[in-house]
Amino acid sequence: MSIDKLPTTPAGLRRLNQRLAAARQRYLDICADNEDAAGAGDTSVWHDNFAYEENQRQMHAAARTVRDLEHLLRRMQVVHPVERPSQATVGTEVTFSDEDGEEHRWILGGYEDSDPAEGRVAYTTPLGQALMGARPGELRQWPRGGRRVEIEITAICRAHSETSA
């Protein structure tokens, strides 16, 4: 993979496209309010119209978000999780136990693709970095809560939720 490319799964690419579509819609919605905002204040001096100025700020911020997501999308490279992975990579589900014997299961997501509620963590996060490249039986250090927690990798499998776009 090229150094300027960022790995993601087919499902991660779908989620990024959804974020981009939502950002574009937000931009269009803000632009649609522009005329109303322009007429909301003293129209003789544009700089005394707070509603218009705020609308312009929001419009520029939304345009920047769209531009950033488009740039990110161009850098994405889809990686397809292998059927029986031997080590943790993007698109795998990793099971590990911590020092207290508590078992955890996380899916390794692509760049900026974390959702703790869904049990997915990006490979660039501290936990993701601790898991990347790990093999069953290995001990790893996970920086958590200001200290390093030792974890033992107990299982690695393909994350089926990450295979379809």
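The numbers here are math on the coordinates, done by the rules we state, and not lab data. Just so it is clear, the model here is predicted, and its values are computed rather than measured. Glycine gets a Cβ as well: all are built from the backbone with ideal geometry, and neighbour counts include every protein chain shown.
I'd like to verify a number: residues in segment 81-96 that are over 17 Å from T124 (Cα atoms) and touching a helix residue (DSSP H, G or I) at 6+ places or on another chain (Cβ under 7 Å), how many?
Qualifying residue count for the region: 1.
I'm trying to understand the selection: among the residues of segment 121-141, which are touching a helix residue (DSSP H, G or I) at 6+ places or on another chain (Cβ under 8 Å) and surrounded by fewer than 19 Cβ atoms within 10 Å (Cβ to Cβ)?
Answer for segment 121-141, where residues must be touching a helix residue (DSSP H, G or I) at 6+ places or on another chain (Cβ under 8 Å) and surrounded by fewer than 19 Cβ atoms within 10 Å (Cβ to Cβ): just Q141.
Would you say V82 is surrounded by fewer than 18 Cβ atoms within 10 Å (Cβ to Cβ) and within 26 Å of R14 (Cβ to Cβ)? Show your work before the answer.
Working: surrounded by fewer than 18 Cβ atoms within 10 Å (Cβ to Cβ): yes; within 26 Å of R14 (Cβ to Cβ): yes.
Yes.
When segment 100-120 is examined, which residues are found to be buried (at least 23 other Cβ atoms within 10 Å of the Cβ), of a type outside the set (D, E, K, R) and in a loop (DSSP other than H, G, I, E, B)?
Answer for segment 100-120, where residues must be buried (at least 23 other Cβ atoms within 10 Å of the Cβ), of a type outside the set (D, E, K, R) and in a loop (DSSP other than H, G, I, E, B): just G110.
Find the residue count for segment 146-165, including only residues that are of a type in the set (G, A, S) and in contact with a strand residue (DSSP E or B) (Cβ under 9 Å, 6 or more places away or on another chain).
4
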